[in-house]
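Please read the structure below before turning to the comments.
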Amino acid sequence: MKTTNNTTIALLLIIVSALTACSQASQATIATITPKPFGTPTHVITPTQVVTPTPRAFSGAQAYEDVQYQASLGPRTPGSEAHDQIVSWILDELKLANWNAEIQELQNGQTIKNVIGKRGDTGPLIIIGAHYDSRFIADQDPDPNLRSQAVIGANDGASGVAVLLELARTLPDNLPFRLWLVFFDAEDNGGIEGWDWIMGSRAFVAALQEKPEAAVIIDMIGDSNLNIPIEQNSNPALVEEIWQVAKNLGYENIFLNQPGYSMIDDHTPFLEAGIPAIDIIDFDYPYWHTSQDTPDKVSAASLEIIGKTLSTWLSTR
Ligand SMILES: [Zn+2]
């Protein structure tokens, strides 16, 4: 029993000396603490759960608002203030949606400012493109007095930009390939001295350092009476892929299984470079290159059909 007592006393002594040591150490530490300035939080709350926002679905209504915004700036003709404003806005919207965004400035007789949003580090490169400029002259207007005005381009220009930006906001960020959203400058000034069609995409393809696996161009896809026949120069395998996705979504009455026009559009330089490319376009639009290409001719439903088809195609590829 004694032994037990002695042991207990010994243990108590050890504990007491340990406590004393602790207390001295604490005092020594306290003495070196510099008082914090007023207003500094005394403790930090660590979140117990990090909530990753789920990307929302593609919204035709949001895309339509973006068409209205672009049209509200007036014609986005090269050199205009509205053109500068749209370049800044696209760049800002891409950055807000977590894309690496840049202005690609090139010279090919004119100064070209393409805007590019990039995502992904590995895998093949896929490009989705649309032109953001609008035409200097409404030379198809029924009224000769209006033909010298610039085109608002709600459908011819703004619709494609709106779909690309809404894709930027809603696509998942873990796609198994690299994706570039390319907003082409100077598509729409063919037949005007000093200009041509598709100058932005020509400069872009000429500057490409690699061969993309596919390029999908959208143009004039906001028409409230939307019909997308198969543009005749488009790559058949790529058409088959995307038209099948549209059919699965119930859009076979929009993506028609019949040939449409043969177009010179931003897909042309890609095709000439041997890159599979298609042009998703509804060229049956009575307001093309007139003063009447305004937002009331465009519908949120049409923008959503194109957006959901591309979003599904990209997400299941
Ligand atoms: Zn045009």
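Readers should treat all values here as calculations from the given coordinates under stated rules, not as data from a laboratory. What you are looking at is a predicted structure, and each value in this text was computed from that prediction instead of being measured. All Cβ positions, even for glycine, are placed from backbone atoms using ideal geometry, and neighbour counts span all protein chains on display.
Quick notes on this one:
- Of the GluC sites (Glu not before Pro) found in the stretch 206-250, the ones in coil according to DSSP and having at most 13 other Cβ atoms within 10 Å of their Cβ are GLU210.
- 3J(HN,Hα) from dihedral phi, the stretch 222-229, Karplus parametrisation 6.51/-1.76/1.60, rounded to Hz, x for glycine, proline: x, 3, 5, 9, 8, 9, 10, x
- Amide H to amide H distances under 5 Å link ASN114 with GLN104, LEU106, ASP185, where only residues 5 or more positions off or on other chains count and H is placed in the peptide plane.
- Proximity of backbone amide H atoms, modeled 1.01 Å from N, is registered between HIS131 and PHE184 at under 5 Å, excluding neighbours fewer than 5 places apart on the same chain.
- Excluding same-chain neighbours fewer than eight residues apart, the aspartates and glutamates reachable from LYS297 by a Cα-Cα span under 17 Å are GLU65, ASP66, ASP141, ASP156, ASP219, ASP223, ASP282, ASP284.
- Whole-number percent relative contact order across the stretch 60-315, with pairs defined as alpha carbons under 8 Å at least 6 apart: 26
- Within the stretch 60-315, the proportion of C-alpha pairs whose separation exceeds 32 Å stands at 13%.
- Taking amide H as placed 1.01 Å from N in the peptide plane, the amide H of ALA214 sits under 5 Å from that of ILE127, each at least 5 places away or on another chain.
- Couplings for the stretch 282-295, taken from phi via the Karplus curve 6.51 cos²θ - 1.76 cosθ + 1.60 with θ = phi - 60°, read 10, 7, 7, 9, x, 9, 4, 6, 10, 6, 9, 7, 10, x Hz in order; Gly and Pro are left as x.
- Across the stretch 127-133, rounded Karplus estimates of 3J(HN,Hα) from the backbone phi angles (6.51 cos²θ - 1.76 cosθ + 1.60, θ = phi - 60°) give 10, 10, x, 7, 8, 10, 7 Hz, Gly and Pro being marked x.
- Shown here for the stretch 235-317: chymotrypsin sites (Phe, Trp or Tyr not before Pro) in loop regions (DSSP other than H, G, I, E, B) with at most 16 other Cβ atoms within 10 Å, namely TYR261.
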